[in-house]
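First up is the structure itself, then whatever we jot down about it.
What follows is calculated from the coordinates using simple rules that are stated; it is not laboratory data. Computed from a prediction, not measured in an experiment: that's the story for all the values here. Every residue, glycine among them, receives a Cβ derived from its backbone with ideal geometry; neighbour counts consider all protein chains shown.
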């Protein structure tokens, strides 16, 4: 653990085996959705999409080209490990879309993991459907899960913090009102989030920050099995948690490491 974080380059399934039972307070999982297509939709300089400013190319990512059988077995495997690793007071938050949300739900039931809430993350500025053959996907699903069982319903819920929370960008959340299961969080990222590069499925840090607001534990341990660009790990460090993450792709590992080192450096500078 270096300056409250440990980022590991390697296979998450091998890495999870090394973690002790009941050792982590929170886990945020942004797994491969199995959503990639073999088609390439290219938009050059002459085909700009209004409101998205720039050239766009939807490409297939090899790590996201999972068969349905692979996706189900993979989901079951990492969820089984997470049930062992997360504390009874902890939570697991899982990102998904219709491509993999059914697998996640079924695997949770098979493993005795209880779904606390199903969140609909509404993306007002969602990317348009390029084929013109279906509706524009404007939301993703996030499942809030705990270990299950009557005796284990000790999961952390920072209720008062969520109730008082408000944000100018979220038209559905008023201060003093209970937080709903629909979150109005635009998908755009700030310059700071992109300064070292980007990941094709990178989430805005505000999503992870809200998850930490709900069930974060200061000085506790956050586990991020699929680190990607490191967004969830950065949010965890900013919140005051120790963070462990795994990333198998060296390019994104290096990107995440730069972001994490930047957080540590900025924190150190504020002390002087």
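Cβ-to-Cβ counts within 10 Å put 251, 140, 114, 193 in ascending order as 251, 114, 193, 140, the fewest first.
Please work out whether the range 5-269 counts as rounded, prolate or oblate from its C-alpha gyration tensor, where a ≥ b ≥ c are the square roots of the eigenvalues and a/c under 1.5 means rounded, while otherwise a/b larger than b/c means prolate and anything else oblate? Rounded is the answer for the range 5-269, as its axis ratio a/c remains below 1.5. Both radii are taken from the alpha-carbon atoms of the range 210-260; with Rh as the Kirkwood radius, Rg/Rh is 0.98. Put in order of Cβ neighbour count within 10 Å, fewest first, the listed residues 237, 26, 213 become 213, 237, 26. Label-to-label distance, residue 192 versus residue 97, with points set 7 angstrom from Cα along the beta-carbon direction: 2.8 nm. Distance from the C-alpha centroid of the range 124-187 to that of the range 218-263: 21 Å, rounded to the whole angstrom. As a proxy for reagent exposure, 241, 233 were ordered by neighbouring Cβ count within 10 angstrom, fewest first; the result is 241, 233. Of all beta bridges that DSSP places with both ends in the range 5-269, some 45 percent have antiparallel geometry.
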